[in-house]
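Worksheet: the structure to be examined is printed underneath.
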Protein chains: 2
Amino acid sequence: MTSPLAAAPEPERAPEQVPIGDDPAALGLRERKRRATRRSIEFAVLELTRDHGLDQVTVDDISRVADISPRTFFNYFPSKDAALVGDSPFMLDGASAERFAQAKPGGDVLADLFALVRELSLGVTVDLSLHQLRLKVMRDYPELFAIKVVSMRSLETVLTEVVERRLAADARATGAVEPSVGAWHSRALLIALVSLSTMRHAWGRWAESDDPDSLPSKLDESYRELRGLL
Amino acid sequence: MTSPLAAAPEPERAPEQVPIGDDPAALGLRERKRRATRRSIEFAVLELTRDHGLDQVTVDDISRVADISPRTFFNYFPSKDAALVGDSPFMLDGASAERFAQAKPGGDVLADLFALVRELSLGVTVDLSLHQLRLKVMRDYPELFAIKVVSMRSLETVLTEVVERRLAADARATGAVEPSVGAWHSRALLIALVSLSTMRHAWGRWAESDDPDSLPSKLDESYRELRGLL
DNA sequence: TCAATTCTTGCAGACTCTGCAATCTCATGT
DNA sequence: ACATGAGATTGCAGAGTCTGCAAGAATTGA
């Protein structure tokens, strides 16, 4: 990268929509600035990628456009890729996880897990114009998709763990003794992986289509389709 | 990395087992050297990682141990990670794919796809001592796992595409018209993803256990477990 | 043995990312 | 309002990855 990529103006960035009923200045100035900077970096990297191509964009360019020092970039994101793909839209919170793990035995584990995941996706607040831009870029560069998947890998571990606990609780309750301990783990892993596939499927269809259909509804569709498969 | 990590001797590298009935010197000298170099690099990076830790290993170290120049390293692998995780054990070959895509309509697509994947895994010739070492290292550094997954991402595209063709052929044959074209794609993607989950599951269990049980048999187990789930 | 092809290597250079220390900005209590 | 501390930004130096290029070495096939 030698071209300086002039510190361009920023046209199409819609002002961030603040969720209704969300305290506007409840957060201190510090926090507000932080968020603004983060957003600005995310826009910068996406706009540059869209306009100049993925491998033409350097951290220096991004910093120039986002109006921060290159060093500061790395205070916000651990890598260039991280800024490109953003946070995972699925974050497991402890309470729901606990509820799932200790649900009454005998239920359909896959269905319950799915409900859990669906719940997660409800909590997502997307910055619309940022999200649109990100989807556009990801459509242009499918390899980013893989990075996104990696960023969701931690979820695999978490889900497996929670499913395993659920299976153990179930077995303890019904008194049915599974063949071996390893069998639970194997089962839990498979269940987690299948769920992740479904999330991945829903996410993919969400990303592909431009309709603003919410992620949860895509998830429902995917789940139905999964059930139809089997 | 400043420490030179002495160009150590190589103890535990078992000589590569040549599959029976495989011409020993049917390949020219050139090709044989190339393979030896590749193998030597793979061993080097794995041994160094095992002995000194993942982020302590540099390309310079690897090259020193493998006895090549750092520049040559990149003639063999596009990145350090690539050398670490090795090739994907699943490579789709055109002929089997074609057979699958044009199988007689009405069959169980998921089952057929699974058989296809199973077939792929049969073709894998593993260099045993290299494989053992790699599994050990991957167990120590689960993040490598994610990289491995990424390296299999291309398979997702290929599988989806082939499933889509199969679904199209099926529909054409039975005359049943699906609601929309997009529906096929969605369905194909889901099927591919679920299959990949199963492969991933089988692979994970293969990697976790030390038993030399072949990958195909693990695949069978995983498939059975999947069916039991639904 | 000659010539074509394919590999290896060194070198220069762009780029990513980290630790450190100086400096600056926001938050908080008095 | 002001002092003080916690948190952020920045520049700099340095290690490490990876690429293009061109010269030189090895293998192949005739």
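The values are calculated or read from the model by the stated rules, or taken from the named source; none is laboratory data. Note that the structure is predicted; figures quoted are calculated from it, not measured. Every residue, glycine as well, gets a Cβ built from its backbone with ideal geometry; the counts of neighbours run over all protein chains shown. Side chains included, ligands, DNA and RNA excluded: accessible areas come from the protein's heavy atoms. Shrake-Rupley method; radii C 1.70, N 1.55, O 1.52, S 1.80 Å.
Say we look at region B:43-64 and pick out the residues that are more than 10 Å from DNA strand C (Cβ to nearest atom), open to solvent by 20 Å² or more (accessible area, probe 1.4 Å) and in a helix (DSSP H, G or I); which of these is nearest to the other protein chains (Cβ to nearest Cβ)? Give the derivation first.
Kept after step one, since they are more than 10 Å from DNA strand C (Cβ to nearest atom), are these residues of region B:43-64: B:43-54, B:56-62, B:64.
Next, from what is left, pick out any that are open to solvent by 20 Å² or more (accessible area, probe 1.4 Å): B:50-52, B:54, B:56, B:58-60, B:64.
Next, from what is left, pick out any that are in a helix (DSSP H, G or I): B:50-52, B:54, B:56, B:59-60, B:64.
Numbers: B:Arg50: 22, B:Asp51: 26, B:His52: 23, B:Leu54: 16, B:Gln56: 19, B:Val59: 19, B:Asp60: 22, B:Arg64: 27 Å.
Residue satisfying both the conditions and the ranking: B:Leu54.
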Kindly establish whether B:Leu110 is in the same structural domain as B:Ala146 (by TED's automatic domain parsing) and either modelled with pLDDT of 90 or more or in contact with a Lys or Arg (Cβ under 9 Å, 6 or more places away or on another chain) (or both). yes
Given (1) outside the structural domain of B:Glu119 (by TED's automatic domain parsing); (2) at pLDDT 80 or above; (3) among the acidic types (Asp, Glu), B:Asp22 misses just (2)
Of the residues in region A:55-82, those that are more than 13 Å from DNA strand D (Cβ to nearest atom) and touching an Asp or Glu at 6+ places or on another chain (Cβ under 6 Å) come to none
